[in-house]
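Note sheet for the following structure.
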Amino acid sequence: MAKIAINLTTASIQKEEVIVGIDLGTTNSLVAYMHPEDHVPIAINDLGLGTIVPSVVHFSSAGEVLVGDAAKEYLLTDPANTIYSVKRLLGKSYQDLGNHKDSFGYKVIDDNSEGLVKIRVQDKFYSPIELSAEILKELRARAEHALKTPVNRAVITVPAYFNDSQRQATRDAGKLAGLEVLRIVNEPTAASLAYGIGLDPNEEKTIAVYDLGGGTFDISILKIHQGIFEVLSTHGDTYLGGDDMDREILEFWTRQNRLLADLVALDPNAAQALRLKAEEAKKALSQQEKFKAELNGIELKLDRHTFDTLITPIIDRTMASCQMALKDAGLQPEQMDTVIMVGGSTRVPLVYQTVSDFFGKPAHNDLNPDEVVSLGAAIQADVLAGNRKDILLLDVTPLTLGIETMGGLMDSIIPRNSKIPTKAGRQYTTSVDGQVNMKISVYQGERDLVKENRKLAEFDLRGIPAMPAGFPKVDVNFILNADGILKVEAVELRSGVRQEVEVKPQYGLTDEQVEQMLMDSITHAREDVSTRMVIEARTTAEQMLYQVERFVEKNGEHLSPEEIELTRQNVQRLREVLPTGDKDTILKAVDVLEEQTSPFAERVMQISIKKAMTGKKIE
Ligand code: ADP
Ligand code: MG
């Protein structure tokens with residue numbers, strides 16, 4: 001499996017393929033690797049473009065995809081086709097977005113309010129997974145180009161608060177970008193590793209990681225013992241960061257000058273130019289006391305003291321989060337052994353000072369705060385590559401464990417490489433009205449279709465009370481103990497009916513077979529992901545058809561003959577494309593039917609129908 005590659009940058013032979021570490025950020029992403037001779041992690045700077053790749057994807061009308069600084073330029077000129085902050089949407093449903101539904105410059109589709117969101121760009125539908133994959137592909141290409149060696153494996157970081165579905169989405173994005181994701185690592189854990197914390201199995205420490213990025217703030221309290229990072233608590237604000245500082249400066253300047261206010265109100269290009277000037281001022285004030293520039297002949301001035309006053313409310317909000325995180329962990333600020341600063345916005349001197357004062361000790365900020373997460377990911381990658389014999393690798397499960405969902409898809413519950421013992425679960429619902437049994441089929445393997453994986457067990461959860469489709473709540477939990485025994489339990493929460501089985505996933509499986517299963521998953525990764533997406537589109541379509549037809553049957557008298565006829569045509573169109581159409585064709589037909597029929601439900605006050613249309617279903 002291991003290929004011998006020659007690294008032309010360092011003129012050395014690399015016996016092992018490099019495993020890169022990736023920080024897939026909301027605002028910026030980076031890729032880093034471990035230098036084979038110097039044994040230091042380095043953020044990759046390909047072609048002198050810088051180490052920071054803005055997490056922005058642009059689709060041209062000709063179908064060309066641009067990522068990074070080149071894409072960022074289109075944020076103003078072509079916002080509908082320029083996707084930013086996609087990480088906020090990863091693994092989320094339209095409902096999850098809450099008040100922020102309309103805050104994107106591009107079109108977020110509401111087709112199935114509990115299903116995962118999709119984004120429409122021109123005539124195509126993209127999932128946040130596909131968009132994140134575009135960013136990962138760019139990082140992979142830059143790494144391959146700079147290191148002159150193939151890059152097929154990676155460690156990717158995620159926020160500590162990411163749930164199962166967001167972690168799975170990140171893995172899938174990696175897969176789609178042609179990367180085998182060896183591990184998903186928490187961003188604060190990676191930052192600690194970059195500072196060398198947690199590498200010594202004998203050390204015991206409690207640390208706080210303060211991460212203020214472009215649009216998000218996270219505080220994590222971690223406990224490290226025997227090389228294990230335990231997240232004691234996390235807090236934060238997913239809409240707070242350096243962008244808010246830029247906005248404060250912009251508003252300050254427009255308050256100062258009517259001419260500037262008018263200019264910005266009338267000309268979006270000027271508004272964007274002013275926003276960039278504001279960011280420039282902010283960055284400059286991290287080094288110097290005063291900033292001066294001009295825009296269209298208007299002078300722009302800002303000094304450090306004024307800036308500090310402007311951003312104090314922002315910093316106060318982050319400190320309130322720190323209080324909450326400590327409270328949840330049951331600890332006092334002084335009890336932190338180490339405080340680590342992460343994220344570009346921690347370069348602001350007042351941020352550094354406030355955080356250090358709060359915790360009563362100077363925070364670590366010697367490493368570049370933009371790069372620190374990617375550097376830690378590269379260290380983790382190096383550990384997984386087996387290059388650090390001094391660090392013990394924890395017991396992990398070698399293959400993913402999951403269950404079958406609609407369309408024969410594998411829904412992974414415990415991802416491969418998870419530390420054991422571990423416990424994970426997910427909630428499901430029924431797909432048909434009055435369904436009283438649910439079949440739970442347990443599989444092991446990395447493929448997206450269960451038929452390609454290994455079946456471990458199957459059982460029926462019986463006695464679910466008859467309810468409309470989508471109403472029952474079935475919790476499926478996987479408990480994998482330290483001996484590798486898996487207990488699967490299913491409980492219907494409304495009635496309390498339960499059922500469980502125990503299996504030994506590794507039983508009768510040789511190392512060679514495990515290796516073969518992993519190899520197969522890599523060779524088939526791309527086709528697997530596209531098959532999955534078509535099946536998911538079909539499932540959405542089938543649910544939609546089922547609900548619409550049932551609705552028309554029940555409530556036909558509230559609809560006009562024209563409405564019924566149009567519905568019939570749209571249903572027929574969807575039925576036509578369903579068996580052979582590609583994902584985009586199917587989703588487009590779903591979208592048409594959805595847009596046409598969604599007013600019906602409200603009209604007849606059948607809100608419950610809408611509810612029944614949603615939720616992840618097992619057949
Ligand atoms: P994310 O983790 O959200 O992707 P980053 O950690 O890359 O984001 O942080 C990006 C933010 O850091 C931007 O708002 C940027 O303006 C800010 N930033 C970068 N350099 C500086 C600096 N020297 N002083 C103040 N803010 C900075
Ligand atoms: Mg970050």
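The values are calculated or read from the model by the stated rules, or taken from the named source; none is laboratory data. Keep in mind that what you see is a predicted model, and the values were worked out from it rather than measured. As a convention, Cβ positions derive from the backbone with ideal geometry for all residues, glycine included, and neighbour counts pool all protein chains shown. Calculation scope for accessible area: heavy atoms of the full protein, side chains included, ligands and nucleic acids excluded. Shrake-Rupley method; radii C 1.70, N 1.55, O 1.52, S 1.80 Å.
Here are the numbers for this structure:
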quantity	calculated
Fully extended contour minus Cα-Cα distance, from GLU289 to GLU37, at 0.36 nm per residue	86.6 nm
Pairs beyond 20 Å (Cα-Cα), from LYS223/LYS504; LYS87/LYS137; LYS439/LYS588; LYS87/LYS148; LYS451/LYS487; LYS92/LYS451	LYS223/LYS504; LYS439/LYS588; LYS87/LYS148; LYS451/LYS487; LYS92/LYS451
Under-5 Å amide H pairs with GLY425, H placed in peptide plane, nonlocal only	PHE478
Computed E for ASN437/ARG317 - FRET, C-beta separation, R0 56 angstrom, nearest 0.05	0.70
Distance between modelled label sites at LEU545 and ASN257, nm, 7 Å Cα→Cβ extension	6.1
Pairwise centroid distance, computed over Cα atoms, of segment 134-185 with segment 458-508, Å	31
Order by protection proxy (mean Cβ within 10 Å, highest first), peptides 58-69, 425-436	425-436, 58-69
Note, ³J(HN,Hα) from phi for segment 465-476, Karplus 6.51, -1.76, 1.60, rounded to Hz, x at Gly and Pro	x, 5, 9, x, 3, x, 7, x, 10, 10, 8, 10
Solvent-accessible surface (1.4 angstrom probe) belonging to LYS205, in square angstrom, nearest 10	60
The chain, relative contact order [Cα under 8 Å, separation at least 6], %	12
Directionally averaged projected area (convex hull, Cα atoms, segment 401-521), nm²	7.1
Tensor-based shape of segment 501-576 (alpha-carbon gyration tensor, a/c under 1.5 rounded, otherwise prolate or oblate)	oblate
By accessible area with a 1.4 Å probe, ligands and nucleic acids excluded, highest first: order of LYS451, LYS124	LYS451, LYS124
Shape call, the chain: gyration tensor on alpha carbons, a/c limit 1.5	oblate
ARG454 paired with ILE485, simple spin-label distance in nm, labels 7 Å along Cα-to-beta-carbon	1.9
Relative packing of peptides 459-465, 127-133 - highest average C-beta neighbours within 10 Å first	127-133, 459-465
Long-range amide H partners of VAL497 with built H, under 5 Å	GLU492
The chain - share of DSSP beta bridges that are antiparallel (%, nearest 5)	85
Cβ-derived FRET efficiency at R0 56 Å, ALA62 paired with GLU562, nearest 0.05	0.90
Computed lengthening from THR580 to THR309, 0.36 nm per intervening residue step minus Cα-Cα distance	91.5 nm
Fraction in percent of alpha-carbon pairs per bin - 5 Å, segment 205-317	2, 11, 19, 18, 15, 11, 8, 6, 5, 4, 2, 1, 0
Cα gyration tensor shape of segment 113-250, rounded if a/c is under 1.5, else prolate or oblate by comparing a/b with b/c	oblate
Antiparallel bridge percentage (DSSP; both residues within segment 198-366; nearest 5)	80
Local electrostatic count at HIS145 - Lys and Arg +1, Asp and Glu -1, tallied over other residues with Cβ under 15 Å	+1
